[in-house]
Amino acid sequence: MSELPPIAELVPHAGPMLLLHRLLECGDEHVVCEVLVRSDGLFDSAGRVPAWLGIEYMAQAVAAFSGMQAHSAQESVKLGVLLGTRRFETNVQDFACGDVLRVTARRLIHSSSGMGAFECEVQGDCAQQSARLSVYQPPDASDFVSP
């Protein structure tokens, strides 16, 4: 198996908005990433970040999946949009800064129009989250740019 690229090459986020730490595994229909919960002042308060941030961890894992597909095809990473979240379940109210989380995204549906759905999970020592994410990646990234 070849070495996986750095997460910053796969996800179109930069600086403090890149929340994933690294790519652990990627297959034809799934991706597994690692998050090191940071205390950088962006989302944390008193050494904790809110559980709803798990949705962003999941969305960035989906972006990493898409980025890895682009990387494998020797194409540039494209922007995408999280359209919605269904059945978000969590057993925690927050995560402790310093926690290491495992984020999994498994593709359920993909259409040629750019629409897709992923079943996602965030797991930690005591944390368990799951949700289904609906996403859209337009064929042309200029669709996101105002004229």
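The values are calculated or read from the model by the stated rules, or taken from the named source; none is laboratory data. Fair warning: this is a prediction, and the values are worked out from it, not measured in the lab. Every residue, glycine as well, gets a Cβ built from its backbone with ideal geometry; the counts of neighbours run over all protein chains shown. Just so you know, the surface numbers come from the protein's heavy atoms only, side chains and all, with ligands and any DNA or RNA stripped out. Shrake-Rupley method; radii C 1.70, N 1.55, O 1.52, S 1.80 Å.
Figures for the structure shown
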item: Residues of the range 111-121 classified as crowded, with 16+ Cβ neighbours inside 10 Å, assigned to a strand (DSSP E or B) and not aromatic (Phe, Trp, Tyr), total; result: 5
item: Test result for Glu56, among the acidic types (Asp, Glu), assigned to a loop (DSSP other than H, G, I, E, B) and without any contact (Cβ under 8 Å) to a residue 60 or more places away in the chain; result: no
item: Residue among Leu42, Leu20, Leu36 that alone is closer than 29 Å to Pro139 by Cα, surrounded by 12 or more Cβ atoms within 10 Å (Cβ to Cβ) and in contact (Cβ under 8 Å) with a residue 24 or more places away in the chain; result: Leu20
item: Count - residues of the range 61-98 that are open to solvent by less than 60 Å² (accessible area, probe 1.4 Å), farther than 14 Å from Gln137 by Cβ and either in a helix (DSSP H, G or I) or not hydroxyl-bearing (Ser, Thr, Tyr) (or both); result: 8
item: Meets criteria (under 19 Å from Glu29 (Cα atoms) and in contact with a Pro (Cβ under 8 Å, 6 or more places away or on another chain)) for Ala117; result: no
